[in-house]
Amino acid sequence: MDKNLCKFFCYKNTRKNSNIKPKKLDKLELVLFDMDGVLTDIISSWKYIHDYFKTSNDRSVDEYLKGKIDDMEFIKRDVSLWKENGKFVTAERLAKILSDVPFMKGANKCINVLKDSKIKTAIISAGLDLLANRTAEELGIDYVKSNGIKTDKNGRLTGEGILNVRLMYKDLAVKSFLKELKIPLNRVASVGNSCFDIPMLEITGLSIAFNPTDDCTIKAADFFFKEKDLSKILPVLESYIN
């Protein structure tokens with residue numbers, strides 16, 4: 001992640017972050033995972049598509065972080081760039097492109113151990129649901145909450161998006177999701193890698209910064225792991241499994 005973007009986001013949220021109360025994990029029931037950079041070994045699923053089509057959303061990122069556009073407009077601008085011969089590509093084409101995205105080392109082992117321990121898992125990501133759904137299916141993750149793209153009857157993108165997770169407000173998506181499951185925050189652990197995961201890391205009973213891209217993410221988490229092997233976080237999680 002661009003260091004300047006991280007600094008901007010963290011500075012904007014300094015006062016809110018300083019008021020967070022101490023947390024404690026009661027009994028582990030659910031682990032929330034960010035996707036990009038945690039379960040998958042890429043920076044961003046959106047950027048992965050942009051790189052493929054040789055497009056850039058730098059201007060939109062800047063305007064989004066400065067509050068000039070909202071999440072839905074941000075998604076719409078991204079999707080509007082994914083065209084060939086003047087026409088929007090199909091969702092099937094995007095899924096094919098994303099099929100090459102590698103999983104993080106140790107991801108399979110991590111999810112399998114949690115599954116064997118009867119711990120539920122979920123993806124909470126502002127990334128693309130095309131990749132999130134594939135990741136969940138292949139790794140055996142129970143739930144997915146991510147952002148999508150609208151298509152017409154022929155499966156071609158319409159230029160509109162589906163917003164489920166606001167990039168800078170993951171805590172809202174987490175709270176809504178946990179309300180549906182009727183699981184309290186003090187029975188949930190979260191795993192993220194960037195400053196945009198901080199709102200999620202701060203509200204859960206246990207938080208882990210994995211493969212962190214910035215110092216502020218490390219400071220917001222209870223534990224951090226710099227080695228790119230997701231199985232390394234298991235000893236921490238297993239210590240809370242009864």
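The values are calculated or read from the model by the stated rules, or taken from the named source; none is laboratory data. Owing to the predicted nature of the structure, the values given are computational and were not obtained by experimental measurement. Note that each Cβ is placed from the backbone with ideal geometry, even for glycine, and that neighbours are counted across all protein chains shown.
Numbers below:
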{"read-out": "Filter pass, K182 being modelled with pLDDT of 95 or more, on the phi > 0 side of the Ramachandran plot and not aromatic (F, W, Y)", "value": "yes"}
{"read-out": "Test: residue in the stretch 159-166 that is surrounded by 23 or more Cβ atoms within 10 Å (Cβ to Cβ), closer than 18 Å to I123 by Cβ and either hydroxyl-bearing (S, T, Y) or within 13 Å of the chain's Cα centre (by Cα) (or both)", "value": "yes"}
{"read-out": "Residue in the stretch 154-164 that is touching a Lys or Arg at 6+ places or on another chain (Cβ under 7 Å), free of Cβ contacts under 8 Å to residues at least 40 places away in the same chain and of a type outside the set (V, I, T) present", "value": "yes"}
{"read-out": "Test: A122 is touching a residue at least 12 places away in the same chain (Cβ under 8 Å) and assigned to a helix (DSSP H, G or I)", "value": "no"}
{"read-out": "Residue within the stretch 159-169 that is touching a helix residue (DSSP H, G or I) at 6+ places or on another chain (Cβ under 6 Å) and in a helix (DSSP H, G or I) present", "value": "no"}
{"read-out": "Hey, I20 among the hydrophobic types (A, V, I, L, M, F, W, C), modelled with pLDDT of 95 or more and either assigned to a loop (DSSP other than H, G, I, E, B) or surrounded by fewer than 13 Cβ atoms within 10 Å (Cβ to Cβ) (or both) or not", "value": "no"}
{"read-out": "Residue in the stretch 182-201 that is farthest from the chain's Cα centre (by Cα), counting only those that are buried (at least 24 other Cβ atoms within 10 Å of the Cβ) and aliphatic (A, V, I, L, M)", "value": "V188"}
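One line per residue, one yes/no per condition, for (1) touching a Lys or Arg at 6+ places or on another chain (Cβ under 7 Å); (2) at pLDDT below 95; (3) assigned to a strand (DSSP E or B):
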residue	(1), (2), (3)
V191	no, no, yes
P199	yes, no, no
T213	no, yes, no
K228	yes, no, no
K232	no, no, no
